[in-house]
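Structure, as structure tokens:
Derivation of every value follows stated rules applied to the coordinates shown; laboratory data play no part. Since the model is a prediction, treat every value here as computed from it, not as a measurement. Virtual Cβ from ideal backbone geometry, glycine too; neighbours counted across all protein chains shown.
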């Protein structure tokens, strides 16, 4: 697939899908964090920037996000309420989840359980991405670049996402960011996870048929 499916329903149901998708996305990030087996590629980049600038980790996240959004917009990506919601709600959900004792205790689980947590994180990020992108209310900066990159190049969306993640990882590692098996898993498998989630959503009955989406201009 080269574009996300479009969900059925009016604005209220699409907003609900947006929020649910962002929550699942945040839960996936938390799964990676609590596994203790490596940061996702973009966080490796943020950490690398912190090593060479006066930026805090949070400020580096914002700076990179704005730069990626500017690039995606220059390539033709649209910016909507989903873009703003991505920037705000994911961080809020991550903070709420990591404050739970049951979540924080996951870091103390045996290696096998933490490896399973990595797999769960990949599924959550992929399914969350499909839901909030399918709402058609605007993608986050990195997903905007993924979608417009696929459209511009004609390359499958999973391949584009993987290439972007590996580029961020390489740059972050060269700047001194730390990586692990979780980083490698995310970089290699997040693209297929997102594409697989798009495929499932398109066939779930929740998405409009392609001709319906075209008729509505979405």
Going by C-beta contacts inside 10 Å, put 66, 18, 24 in order with the fewest on the left. 66, 24, 18
Along principal axes, largest first, the alpha-carbon spread of region 138-181 in whole Å comes out as 32, 21, 17
Of 122, 131, 97, which has the largest mean-square fluctuation in a 10 Å C-alpha GNM of the chain? 97
Sort 150, 35 by Cβ crowding within 10 Å, fewest neighbours at the top. 150, 35
Could you check which residue among 100, 137, 39 shows the biggest mean-square fluctuation in a GNM of the chain with a 10 Å Cα cutoff? 100
Using a basic spin-label model with each label point 7 Å from the Cα along Cα→Cβ, how many nm lie between residue 163 and residue 204? 2.8 nm
Listing 23, 198, 57, 173 from the residue with the fewest other Cβ atoms within 10 Å to the one with the most, what is the order? 57, 173, 23, 198
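Quick check: from the Cα gyration tensor, does region 88-140 come out rounded (a/c under 1.5), prolate or oblate? It would help to have the intermediate numbers written out before the result.
Working: a/c = 4.46, a/b = 1.65, b/c = 2.71.
Because a/c hits 1.5 or more and a/b fails to exceed b/c, region 88-140 counts as oblate.
Averaging over all projection directions, find the projected area of the Cα convex hull of region 95-193 and quote it in nm² with one decimal place. Write down the numbers at each step before the final one.
Details: hull surface 30.8 nm².
That works out to 7.7 nm².
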Degrees separating the helix 141-153 axis from the principal Cα axis of the chain, which is the longest one: 60 degrees
Provide the descending list of Cα extents for region 56-124 along its principal axes, expressed in whole angstroms. 46, 23, 22
Calculate the length of the line joining the C-alpha centroid of region 88-112 to that of region 44-68, in whole Å. 22 Å
To the nearest 500 deg cm²/dmol, what mean residue ellipticity at 222 nm is calculated for the chain from DSSP H runs of n ≥ 4 alone, each contributing -39,500 (n - 2.57), summed and divided by the residues? -24500 deg cm²/dmol
